[in-house]
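A quick write-up on the structure given underneath.
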There are 2 protein chains.
Amino acid sequence: MNTNELDFSIQNIPFGIISSASNSKKRVASAYGSNAIDLTLVKFNGPLLGNGVAEKVFNQCFLNDFMELGRPAWREARQTLQNLIKENKLPAESLISLSQVQNHLPAKIGDYTDFYASKEHATNVGTMFRGKDNALMPNWVHIPVGYHGRASSVVVTGTNLKRPSGLILDPTTKLPYYSKSKKMDIELEVAFLVGKGNNLGEPIKFDDSEDHIFGMVLMNDWSSRDIQSYEYVPLGPFLGKNFGTTVSPWVVTLDAMEPFRTSQPHQDPKPADYLTGSSVHNAGDAYDVNLQVYYKTPKSKDTLICESNLKYMYWTFKQQLAHHTVNGCNMNTGDLCGSGTISGPTENSFGSLLELTWNGSKSLNIDGEERKFLEYWY
Amino acid sequence: MNTNELDFSIQNIPFGIISSASNSKKRVASAYGSNAIDLTLVKFNGPLLGNGVAEKVFNQCFLNDFMELGRPAWREARQTLQNLIKENKLPAESLISLSQVQNHLPAKIGDYTDFYASKEHATNVGTMFRGKDNALMPNWVHIPVGYHGRASSVVVTGTNLKRPSGLILDPTTKLPYYSKSKKMDIELEVAFLVGKGNNLGEPIKFDDSEDHIFGMVLMNDWSSRDIQSYEYVPLGPFLGKNFGTTVSPWVVTLDAMEPFRTSQPHQDPKPADYLTGSSVHNAGDAYDVNLQVYYKTPKSKDTLICESNLKYMYWTFKQQLAHHTVNGCNMNTGDLCGSGTISGPTENSFGSLLELTWNGSKSLNIDGEERKFLEYWY
Ligand SMILES: [Ca+2]
Ligand SMILES: [Ca+2]
Ligand SMILES: [Mg+2]
Ligand SMILES: [Mg+2]
Ligand code: NI
């Protein structure tokens, strides 16, 4: 096979949901090179996926049944596919060019939580709205701050979203008025999907947390800054966020991420025991993954506006999961947890237009055009 | 039949999910007098529920399939049952003493939102934490403030919940420490269940909102005040709430609520058009329903600690639903929207221990014992 830089490698073996012109039924697939691999047409003989299990869990319109099987089964699927690729034994009929498949939302998401785990992002936003001295709230360095998002409006990347309307503050009258949002923003995030959940009242221990994480997706937490800033006091973001959140169709498993494991930012003060478990302080629970944001107007080329990295997350996914359940909150297979906007230390690594334009006080040059937020003309 | 004050009247005809000793399968039921009515054993011949539809939607472990049929079908079910009761024609085998049935969560809840719709409650909480002059945030009188809650931990009333642990602020060191919650609270709420949803990007208009509401349940939004107050800045309540929320098993439809319709509190300033539709200013969109909270210790009798009323809600359910979707957010059948704590104007009508004890500054007398929050000994 002819694989280029953008193709899926044998290390990756992501999982997702596809349909195709020749078969409109949604089903589970993987991807290799420039092809999707229809997993309903691949034979799985291993101890966990043999005996009809694979046929059952891959003939589904969501990954949930497969995810519920647990990490040993995810590994078996991955290794089976890697072996078939190496031995050139994938059935020809299972391979469909990625350009010919339609991607769908990978999981049925019961609950969606969004964290706020980049110190640079939290500091930038805090500086803008509360000044440099009160930028970071005192609780931020002690707990992975998070909030509940809206699961129903999480859709797959590429889904058209409508610009939201709502009440926006008129700064002169100090009164709100109804309008389409004029400060539409993006948030560069990575999210994890819960593979195995926990029962209500039984926390997931930090040391066990990786076995509960199926994998990761890219996420854009589309945000309306003018709606959000009016509504969010005192109970948090609501309509400024829940008109839509997009996630990438392919879920990359934690096993695929292993080669990219690295240390997270130094955590000082040392977090509470339930957030560190038996691990060495600041152990390698982060992942070194370059993240980029491109901006495109109706006329422009794709223009790079942000280069960040997943390793900038201060609070790791393991810590987020341990925190989320420390009070006994139950996670279910398919639940989605967003990292929060991942901003890095330099200005070109900020993960939102809010930060990149410092709340609209400066413009971005998009291939010759000037932009602050996601503008439209009305 | 011998119906006493606490029995279900012919006006009510609620819907819920039961199982019983003789049939452990969950199924849809109604209730009349002191009996559950197993709806899988009742014949429905109407245009919407005949032809096998009733058999299909009532043989389910959640109400969702029935709710998805829409308001005309809910009405047909209600009227059929009322006629059968009047004519004494309910099949004997369909009646099971309520003392013999087990109640279950009525709906599969995709998303759960909690509002903050009682002006008295918001003012009380604001006064406690920000002082009398800044009690009510300026946005509060313009929009029904709400936030996303956790759907996975909404369980039926009677489910045992474990006291949550988490990080709590030590006021002397100003540092958090890990502990079981010492300020466990309740919140008296009523919630509505979405019957018919809307597509992403297509708001539910105020004037159409009642057709999207299936009915109401009582809700207790169990809250840990010490966990909540540490975590909630700036993104809202999270672990202080999501360890558990209980809802009553029987859903009372809007049609059953009709006789209790009354005016909501006067809304000044007049809300935006999308929150009023074509209705008369402060039309009769509230419901006059007495609400009571009883407190019981291991030793005490049930002791009345609060008498409130659903009509104290400033923002109506119709306004909440129109607000929730004005930005295009999609609601699904089974989604749950809580009213927020319903406090009235008098001290004995406050719907939380936080308010009743003014954040623990005074005690309640529970049948001779002294209580501030839901204490335990450790
Ligand atoms: Ca976010
Ligand atoms: Ca509440
Ligand atoms: Mg969003
Ligand atoms: Mg709660
Ligand atoms: Ni008026």
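General remarks:
- Test set (1) under 23 Å from the mean Cα position of the chain (by Cα); (2) at pLDDT below 95 - B:Ser278 fails condition number: (1)
- Among the residues listed as A:Asn160, A:Asn134, A:Asn198, A:Asn124, the single one being surrounded by fewer than 18 Cβ atoms within 10 Å (Cβ to Cβ) and within 30 Å of B:Tyr177 (Cβ to Cβ): A:Asn134
- Sole exception among (1) part of a loop (DSSP other than H, G, I, E, B); (2) more than 8 Å from every other protein chain (Cβ to nearest Cβ); (3) hydrophobic (A, V, I, L, M, F, W, C) for A:Leu161, by number: (2)
- Listed by position, the strands (runs of 3 or more DSSP E) contained in the stretch A:295-373 that have at least 1 residues being acidic (Asp, Glu) are A:303-309, A:369-371.
Condition check ((1) away from chain A (no Cβ under 14 Å); (2) touching a helix residue (DSSP H, G or I) at 6+ places or on another chain (Cβ under 6 Å); (3) within 16 Å of ligand 1 (Cβ to nearest atom)) across all residues:
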site	(1), (2), (3)
B:Trp250	yes, no, no
B:Ala256	yes, no, no
B:Asp285	yes, yes, no
B:Val289	yes, yes, no
B:Thr297	yes, no, no
B:Lys301	yes, no, no
B:Met313	yes, no, no
B:Ala322	no, yes, no
B:Asn348	yes, no, no
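- Only one entry of B:Ala54, B:Ala77, B:Ala36, B:Ala31 meets the criterion of being without any contact (Cβ under 8 Å) to a residue 40 or more places away in the chain, small (Gly, Ala, Ser) and under 25 Å from B:Leu336 (Cα atoms), and that entry is B:Ala54.
- Residue match in the stretch A:195-213 (condition: touching a strand residue (DSSP E or B) at 6+ places or on another chain (Cβ under 9 Å) and under 20 Å from A:Ser343 (Cα atoms)): no
- Count - residues of the stretch B:21-40 that are part of a strand (DSSP E or B) and over 21 Å from B:Lys108 (Cβ atoms): 4
- Test: B:Asp221 is among the acidic types (Asp, Glu), more than 14 Å from every other protein chain (Cβ to nearest Cβ) and in contact with a strand residue (DSSP E or B) (Cβ under 9 Å, 6 or more places away or on another chain): no
- Residues satisfying the stated conditions in the stretch B:335-366, i.e. loosely packed, with under 14 Cβ neighbours inside 10 Å and either more than 21 Å from B:Arg130 (Cα to Cα) or modelled with pLDDT under 95 (or both): B:Asn348, B:Ser363, B:Asn365
- Checking the stated criteria, A:Ile143 turns out to be in contact with a His (Cβ under 9 Å, 6 or more places away or on another chain), surrounded by 13 or more Cβ atoms within 10 Å (Cβ to Cβ) and modelled with pLDDT of 95 or more.
- Scanning the stretch A:92-111 finds no residues that are within 25 Å of A:Glu187 (Cβ to Cβ), within 16 Å of ligand 4 (Cβ to nearest atom) and in contact with a helix residue (DSSP H, G or I) (Cβ under 8 Å, 6 or more places away or on another chain).
- Considered as a group, the residues in the stretch B:230-248 that are over 30 Å from B:Ser9 (Cβ atoms), away from ligand 1 (no atom under 16 Å from the Cβ) and surrounded by 24 or more Cβ atoms within 10 Å (Cβ to Cβ) include one that is farthest from the chain's Cα centre (by Cα), and that residue is B:Glu231.
- From the list B:Val326, B:Val289, the one residue that fits, being under 28 Å from B:Asn199 (Cα atoms), surrounded by 17 or more Cβ atoms within 10 Å (Cβ to Cβ) and among the hydrophobic types (A, V, I, L, M, F, W, C), is B:Val326.
- Set B:Thr297, B:Thr316, B:Thr262, B:Thr303: member being β-branched (Val, Ile, Thr), crowded, with 22+ Cβ neighbours inside 10 Å and either at negative phi or within 16 Å of ligand 4 (Cβ to nearest atom) (or both): B:Thr316
- Among (1) out of contact with any strand residue (DSSP E or B) (no Cβ under 9 Å at 6 or more places or on another chain); (2) farther than 20 Å from B:Pro269 by Cα; (3) more than 7 Å from chain A (Cβ to nearest Cβ) - the single one B:Val154 does not satisfy: (1)
- Residues in the stretch A:187-194 include none that are over 30 Å from A:Pro176 (Cα atoms), away from ligand 1 (no atom under 12 Å from the Cβ) and surrounded by fewer than 18 Cβ atoms within 10 Å (Cβ to Cβ).
- Check on A:Phe238, aromatic (Phe, Trp, Tyr) and in contact with a strand residue (DSSP E or B) (Cβ under 7 Å, 6 or more places away or on another chain): yes
- Yes/no for A:Gly215 being more than 16 Å from ligand 1 (Cβ to nearest atom), within 14 Å of chain B (Cβ to nearest Cβ), at pLDDT 95 or above and under 19 Å from the mean Cα position of the chain (by Cα): no
- Residue that is farthest from A:Leu218 (Cα to Cα) [pool: residues in the stretch A:55-113 that are touching a His at 6+ places or on another chain (Cβ under 8 Å) and surrounded by 16 or more Cβ atoms within 10 Å (Cβ to Cβ)]: A:Asp111
The values are calculated or read from the model by the stated rules, or taken from the named source; none is laboratory data. What you see is a predicted model, and the numbers here were worked out from it, not measured in a lab. FYI the Cβ positions are ideal-geometry reconstructions off the backbone, even for glycines, and counts take in every protein chain you see.
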